Amino acid sequence: MFKGSIPALVTPMRDGRIDEEAFRAFVDWQIEEGSHGLVPMGTTGESPTLSHDEHKRVVEICIEVADGRVPVIAGAGSNNTTEAIDLARFAEKAGADGVLIVTPYYNQPNQEGLYQHYKAINDAVGIPIVIYNIPPRSVIDMNVETMARLFELKNIVGVKDATGKIDRVSLQRHAMGPDFIQLSGDDSTALSVMAHGGHGCISVTANVAPKLLSEFQEACLAGNYGDALTYQDRLMPLHSALFIEPNPGGIKYALSVIGKMTDEVRLPLVKVSPPTQEKIRAAMVHAGLIN
């Protein structure tokens, strides 16, 4: 259902507002370059600083432009269960193929709280739900046992795993079987995730290198790990450089270099510094994206 290279889309901005024209062109370019799916309104899309109306508008535009060519998994997470249900229901009504729901941040529910949070969202919608497990941002870590319980529900189909624990992929595969969709949440470890039985990656780097990441994922899915390693060697400096400073400052700068949008971000984030810009440019040259 969801596999391959799935960029966590940035949200273009100009003069403090969403640049809808740039976003429409960007979504179309992503599909033309071979991306296998799209995720609007994840953290990379600056969901924490967009209003609910802006959030919903970005999801609407993405679904409209995609027009069924690739699946759209709309970000709909919140640490407020009622709010997450509202965003998920909106995404379903707008035509999203699924929703990405992050583990509740800051209020730190226990494993039973996590289960009940996702169960409430599951019971409120009729489209697939991908769990987003990212302890570095949300502090909490959904364990394999809780994930296995959730997989028994009708709409829970998989996980975006950003734990950094590569063995977790095999443990989850053992607990839930090969039909449980496992997507890497980290470009730099996506090769390892795929080798352990993963299905794809919700990628930041794919924003600026969609064709390369699509080809990388297709090599992995075909079991051609020698070819995949060639792509990894080419892209690893870029994976690293984009996260020298807080995301999405780095990826927006990279996209500004190739003329896709401005590098504007919303406070409390700021544009990346000149030394980081130099490192990102060097990594883009190494990847063959610019001269």
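The values are calculated or read from the model by the stated rules, or taken from the named source; none is laboratory data. Keep in mind that what you see is a predicted model, and the values were worked out from it rather than measured. Cβ sites come from the backbone with ideal geometry, for glycine too, and all protein chains shown count toward neighbours. For accessibility, only protein heavy atoms count, side chains too; no ligands or nucleic acids. Shrake-Rupley method; radii C 1.70, N 1.55, O 1.52, S 1.80 Å.
The number of residues in segment 32-55 that are open to solvent by less than 40 Å² (accessible area, probe 1.4 Å) and either touching an Asp or Glu at 6+ places or on another chain (Cβ under 9 Å) or closer than 17 Å to VAL204 by Cβ (or both) comes to 12. Would you check if there is a residue in segment 128-137 being within 21 Å of HIS286 (Cβ to Cβ), more than 14 Å from the chain's Cα centre (by Cα) and surrounded by fewer than 24 Cβ atoms within 10 Å (Cβ to Cβ)? Among the residues of segment 128-137, not one is within 21 Å of HIS286 (Cβ to Cβ), more than 14 Å from the chain's Cα centre (by Cα) and surrounded by fewer than 24 Cβ atoms within 10 Å (Cβ to Cβ), which makes the answer no. For segment 56-87, taking the residues that are part of a helix (DSSP H, G or I) and among the acidic types (Asp, Glu), the one that is surrounded by the most Cβ atoms within 10 Å (Cβ to Cβ) is identified as GLU60.
Any residue that is in contact with a Pro (Cβ under 9 Å, 6 or more places away or on another chain) and farther than 15 Å from VAL157 by Cα - is there at least one of those in segment 115-128? Checking segment 115-128: at least one residue is in contact with a Pro (Cβ under 9 Å, 6 or more places away or on another chain) and farther than 15 Å from VAL157 by Cα. Within segment 8-23, being open to solvent by 60 Å² or more (accessible area, probe 1.4 Å) and more than 23 Å from GLY77 (Cα to Cα) holds for ARG14, ASP15, GLU21. Determine whether ALA190 is open to solvent by less than 50 Å² (accessible area, probe 1.4 Å), within 19 Å of PHE26 (Cα to Cα) and touching a strand residue (DSSP E or B) at 6+ places or on another chain (Cβ under 7 Å). In short, no.
Filtering segment 18-31 to residues that are more than 16 Å from the chain's Cα centre (by Cα) and within 11 Å of ASN207 (Cα to Cα) leaves only TRP29. LYS165 falls short on exactly one of the conditions (1) open to solvent by 10 Å² or more (accessible area, probe 1.4 Å); (2) in contact with a Phe, Trp or Tyr (Cβ under 7 Å, 6 or more places away or on another chain); (3) of a type outside the set (Phe, Trp, Tyr), and that condition is (2).
In segment 40-55, of all residues being in a helix (DSSP H, G or I) and more than 14 Å from the chain's Cα centre (by Cα), the one that is nearest to VAL265 (Cα to Cα) corresponds to THR49.
Give segment 198-234 a look and list any residue that's in a loop (DSSP other than H, G, I, E, B) and farther than 21 Å from ILE258 by Cβ, or say none.
Within segment 198-234, GLY198, HIS199, ALA222, GLY223, ASN224 meet the criteria.
Got at least one residue in segment 88-110 being part of a loop (DSSP other than H, G, I, E, B), open to solvent by 20 Å² or more (accessible area, probe 1.4 Å), among the acidic types (Asp, Glu) and under 19 Å from HIS199 (Cα atoms)? Yes: segment 88-110 contains one or more residues that are part of a loop (DSSP other than H, G, I, E, B), open to solvent by 20 Å² or more (accessible area, probe 1.4 Å), among the acidic types (Asp, Glu) and under 19 Å from HIS199 (Cα atoms).
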